[in-house]
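Asker: Next up is a structure, given as structure tokens.
The values are calculated or read from the model by the stated rules, or taken from the named source; none is laboratory data. The structure displayed is predicted, hence computed values, not measured ones. Neighbour counts run over all protein chains shown; Cβ positions are idealised from the backbone, glycine included. Heavy atoms of the whole protein, side chains included, go into the accessibility calculation; ligands, DNA and RNA do not. Shrake-Rupley method; radii C 1.70, N 1.55, O 1.52, S 1.80 Å.
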Amino acid sequence: MESRSALTVEAATDSTDPMRRGLRSLAELPIGFSARIVAVNGASHIARRLMEMGFVPGAPVSVVRQAPFGDPLEVRVRSCHLAVRRAEARTIVVGDPQSFIG
Amino acid sequence: MSTTFDSPPLTNDADLRTKRRQLTIAIAGNPNAGKTSLFNALTGLRQKVANYPGVTVERKEGIWALEGGRTARLIDLPGLYSLDASSIDERIARDVLMGRARGLPAPDAIIAVVDATNLARNLYLITQLLEYEPPVVIALTMVDMAERRGIDIDVQRLRDLLGVPVVPVVAPQRRGLNELSRAVSEAARHGATKRVQWRLSEQAEREIAALCGDGEAGPAARRRVMEELYGEELPPDQNRRALILAARQRLQAHDPNWWQEPLLARYRFIERIIAEVERTKEAKRDLTMAIDSVITHRFFGPLILAAIMLLVFQTIFAWARVPMDLIDGAFGALAQAVHAYLPPGLFTDLLADGIVAGVGSVLVFLPQITLLFLFITLLEDSGYMARAAFIMDRLMRGVGLHGKAFVPLLSSFACAIPGIMATRTIENQKDRLATILIAPFMSCSARLPVYTLMIAAFFSDRRIFGFLSVGALLIMAMYLLGITVAVCVAWVLKRTILRGPTPPLVMELPPYRLPNPLTILQTIWSRAWLFVRRAGTVILAISIILWALANFPRVAPEGDRAQTVADRSAVESEQLKHSFAGRLGHLIEPVIAPLGFDWQMGIGLISSFAARETLVSTLSIVYNVGREADSSSPSLIEAIRKARRPDGRPAWTPLTAISMMVFFVLACQCMSTVAVVRRETNSWRWPIFMVLYMTALAYAAAFITYQGGRLLGFG
Ligand SMILES: Nc1nc2c(ncn2[C@@H]2O[C@H](COP(=O)(O)OP(=O)(O)O)[C@@H](O)[C@H]2O)c(=O)[nH]1
């Protein structure tokens, strides 16, 4: 149907890049901690959806809890609570964990 | 509001034209921003629901009486987070904005609904809406809630920065509606001065300028180029396509995440606005967080979900029986009254057994549909539904479905019709179709009379280990069979005809809110009415056809129709045997014989394709015990046990009964379901596919059951 050839460029997964230590993926952020988003990688149609929902570099994000059966995470971006699966959370790169939210 | 509205003097022709014509106003906004509440408050009950041509996206529109006596046609766009991506909803919204939707003129103005408690994310869509031609009026909703949460928004400043009117509204309390009406009339008349400016990087701006060509460089041209360059779809023209691809390559070389640039630029623009207009005082303790620590708790969460579902289930399954029996009884009485007061004859029969019974068979589902939608709307409006999807997503994903498929599937145990209608909350079309296609496998309440009859006839007093009733075990086995097959079919569908990338789950968990009674009533009303109107016509037509099949050709001349009840059922039985339906029964006998069924059961099967529970009444007619028998009637059970084949063997054995039950678990024998699937998918393709594959599965399973059972020495 639609061609997304030129768009779906798999960006390098910065979280494993040794040059940028201190960075981790949102999926690795411990529950209750917050951090700032550094980059949103991954396939463009997913990254675009994530960014439209508020996951943009610079925005503060925190992991509130995980779902009872372990998978979707409840995260908070700005004042908004969202459910994202770990698979998507892994494409979001965040900085150092900063504070503990109550 | 008491201030009177002085319309400014008309000055030119354009004014006159807009003055006379009915305005078309589109209303757009993020999901959960309060769009539905506002739409309902503006239009009241004067709304209708249709589909956009060729797609399954619903189009709601209504009439809005503006101040000053004018009316506007108010179009509700689908809930959107952006206009960028290529989902059907977003494409449709774009088409409407550009006046490309069939049957819709370009809107004279757009009401953009913005949730004041979530300003940043809501403004993202606004930055996009502002790039289209129609003037925009922002309706700032949830201002009461924002106030309570200590969020202070400088409305005047927001208006200045965006260059469009901003009207605070609280739709449930009808606050701000007059101001909105005034602002919209004004905007439609004068257009609007929009001020959104954001620039991209040097490289990107250079590429855009080059692609715009030397001619016009207006906002519309820029928007088109941006769409080509950053959108998911390439232009059809070969040369243009090559240009775009080359530009993308150059940008890509500069920055691997080049395509994020417009997104980030919009957010920077929004960031600047937020910094100027939003002040958050001491944030109050968040009630939603407190509720969620219980509702989505590792242990209590699933427990609460189970309890809520049990309540829903119990209501639809058991308590809805009361009004259903009333409706059933009323239509039964009406049919008898028709027979009693009209002279006997074909027309009376058609009226009583075709039309009245047909209408009754539609309306009898209304209590279940209404009740289910009451629950669904309550759960949806309060914010619980997103939590249910959050909890269940992990398990549903195992099958390839979305967490949101859980509730519709569970409701289908009561009745697939409201369940299928409830799949609307699933945005991904393929997921939604997969859910619709497997929903009828959930054993609905209409199958129970069939199970009950079979068990009463052959397994009533059998027990295992002295206490486990075989009947209960069998019913449980039938439910499990349905679930297992549904899971397998979903798995196969998601890997074949409904294959697609697993859609990401990025789902908002909205704050809990007290549902608004008016919204709920309106939703239920529109759903119920939709069902009666759309499904009703199809069901009625099929009822009449089935009636005709069972009543033609006539055996007895009209004159010597018997008058006593006993004689009448004998006549009916005779009539049925010689009717088209009876002949069809004989015709399909060779096909169904491997399942253990004879031609009399064949008649039952044929009629049960209208509605499953019809099997019971058809068998009563076939076995000549009168149509008023129900599934626990001793005479019918006796007749079934005594029925013989031509060679003297019993027509039914326990194995036949099980084979029949298995067939009923899997076959799509419900024209109401077919009609609803037709309506929900907006095509005949899916309902036909559903009937065919389900019937094929049912046949195969009953075949294996019967032949396998015989090989093992049963039956
Ligand atoms: N407090 C408050 N609640 C609102 C307001 N507008 C809508 N709601 C509630 O917010 C919820 C979601 O609204 P709805 O109109 O269904 O949002 P939609 O998803 O955008 O159509 C409902 O429970 C409404 O009753 C408002 O201005 N103030």
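Asker: Given (1) within 14 Å of chain A (Cβ to nearest Cβ); (2) touching a helix residue (DSSP H, G or I) at 6+ places or on another chain (Cβ under 7 Å), where does residue B:93 come up short, assuming only one miss?
Answerer: If we test residue B:93 against (1) within 14 Å of chain A (Cβ to nearest Cβ); (2) touching a helix residue (DSSP H, G or I) at 6+ places or on another chain (Cβ under 7 Å), just (2) comes out false.
Asker: Right, next: Does any residue in the stretch B:285-308 that is facing another protein chain (nearest Cβ under 10 Å) come within less than 7 Å, Cβ to Cβ, of a residue that is in a loop (DSSP other than H, G, I, E, B) six or more places away or on a different chain, and which pairs are these?
Answerer: That search, which allows pairs on different chains as well, returns B:288/B:511; B:288/B:512; B:296/A:67; B:296/A:68; B:298/A:68; B:301/A:68; B:302/A:68.
Asker: Identify, please: which residue in the stretch B:13-57 is within 16 Å of the ligand (Cβ to nearest atom) and small (Gly, Ala, Ser) and is, among those, modelled with the lowest pLDDT?
Answerer: My answer is B:44.
Asker: Taking the conditions exactly as written (within 16 Å of the ligand (Cβ to nearest atom) and either within 14 Å of chain A (Cβ to nearest Cβ) or modelled with pLDDT of 60 or more (or both)), does residue B:67 satisfy them or not?
Answerer: For residue B:67, the condition - within 16 Å of the ligand (Cβ to nearest atom) and either within 14 Å of chain A (Cβ to nearest Cβ) or modelled with pLDDT of 60 or more (or both) - is not met.
Asker: Of all residues in the stretch B:125-166 being surrounded by fewer than 17 Cβ atoms within 10 Å (Cβ to Cβ) and on the phi > 0 side of the Ramachandran plot, which is farthest from the ligand (Cβ to nearest atom)?
Answerer: Looking at residues that are surrounded by fewer than 17 Cβ atoms within 10 Å (Cβ to Cβ) and on the phi > 0 side of the Ramachandran plot, I get B:163.
Asker: Additional query: What single numbered condition from (1) in contact with a strand residue (DSSP E or B) (Cβ under 7 Å, 6 or more places away or on another chain); (2) facing chain B (nearest Cβ under 8 Å); (3) open to solvent by 10 Å² or more (accessible area, probe 1.4 Å) fails to hold for residue A:72?
Answerer: (3)
Asker: Something else about it: Which of (1) open to solvent by 10 Å² or more (accessible area, probe 1.4 Å); (2) within 13 Å of the ligand (Cβ to nearest atom); (3) in contact with a Phe, Trp or Tyr (Cβ under 8 Å, 6 or more places away or on another chain); (4) within 13 Å of another protein chain (Cβ to nearest Cβ) does residue B:118 not meet, given it meets every other one?
Answerer: Status for residue B:118: all satisfied but (3).
Asker: Please identify the pairs in which a residue from the stretch B:427-443 that is closer than 22 Å to residue B:386 by Cβ and modelled with pLDDT of 90 or more has its Cβ atom under 9 Å from the Cβ atom of a residue that is part of a helix (DSSP H, G or I) and among the basic types (Lys, Arg), counting only partners at least 6 apart or on another chain.
Answerer: B:434/B:494; B:435/B:404
For (1) among the charged types (D, E, K, R); (2) under 35 Å from the mean Cα position of the chain (by Cα); (3) within 11 Å of chain A (Cβ to nearest Cβ), each residue gets a yes or a no:
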residue	(1), (2), (3)
B:226	no, yes, no
B:230	no, yes, yes
B:238	no, no, no
B:244	no, no, yes
B:248	yes, no, yes
B:254	no, no, no
B:263	no, yes, yes
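Asker: A further question follows. Is it the case that residue B:199 is without any contact (Cβ under 8 Å) to a residue 12 or more places away in the chain, more than 14 Å from chain A (Cβ to nearest Cβ) and open to solvent by 40 Å² or more (accessible area, probe 1.4 Å)? Walk me through how you get there before you give the answer.
Answerer: Values: without any contact (Cβ under 8 Å) to a residue 12 or more places away in the chain: no; more than 14 Å from chain A (Cβ to nearest Cβ): yes; open to solvent by 40 Å² or more (accessible area, probe 1.4 Å): yes.
When the stated conditions are applied, residue B:199 does not pass them.
Asker: Another question, if that's okay. Can you give me the number of residues within the stretch B:458-474 that are more than 14 Å from residue B:654 (Cα to Cα) and assigned to a helix (DSSP H, G or I)?
Answerer: So the count comes out to 2.
Asker: Could you please let me know if residue B:679 is open to solvent by 10 Å² or more (accessible area, probe 1.4 Å) and more than 24 Å from residue B:473 (Cβ to Cβ)?
Answerer: Answer is yes for this residue.
Asker: Considering only residues that are closer than 20 Å to residue A:52 by Cβ, modelled with pLDDT of 85 or more and more than 16 Å from the ligand (Cβ to nearest atom), which ones fall in the stretch B:70-94?
Answerer: none
Asker: Between residues in the stretch B:501-527 that are at the interface with another protein chain (Cβ under 9 Å from one of its Cβ atoms) and residues that are open to solvent by less than 20 Å² (accessible area, probe 1.4 Å) and within 9 Å of the ligand (Cβ to nearest atom), which pairs lie under 6 Å by C-beta distance while being six or more apart or on different chains?
Answerer: B:510/B:383
Asker: OK, next. Inspect all residues belonging to the stretch B:494-509 and state whether any of them is acidic (Asp, Glu), at pLDDT 85 or above and surrounded by fewer than 21 Cβ atoms within 10 Å (Cβ to Cβ).
Answerer: Looking for residues that are acidic (Asp, Glu), at pLDDT 85 or above and surrounded by fewer than 21 Cβ atoms within 10 Å (Cβ to Cβ), one finds at least one in the stretch B:494-509, hence yes.
Asker: How do the helices (runs of 4 or more DSSP H) wholly within the stretch B:385-457 filter down when requiring 2 or more residues that are open to solvent by 10 Å² or more (accessible area, probe 1.4 Å): which remain?
Answerer: Per the criteria, B:406-411, B:429-438.
Asker: Then there is this: Looking at B:296, B:315, can you tell me which residue is open to solvent by less than 60 Å² (accessible area, probe 1.4 Å), more than 30 Å from residue B:126 (Cβ to Cβ) and at pLDDT below 80?
Answerer: Working: B:296 fails: at pLDDT below 80.
The unique qualifying residue is B:315.
Asker: In the stretch B:167-189, which residue that is in contact (Cβ under 8 Å) with a residue 40 or more places away in the chain and more than 16 Å from the ligand (Cβ to nearest atom) is farthest from residue B:38 (Cα to Cα)?
Answerer: The qualifying residue farthest from residue B:38 (Cα to Cα) is B:189.
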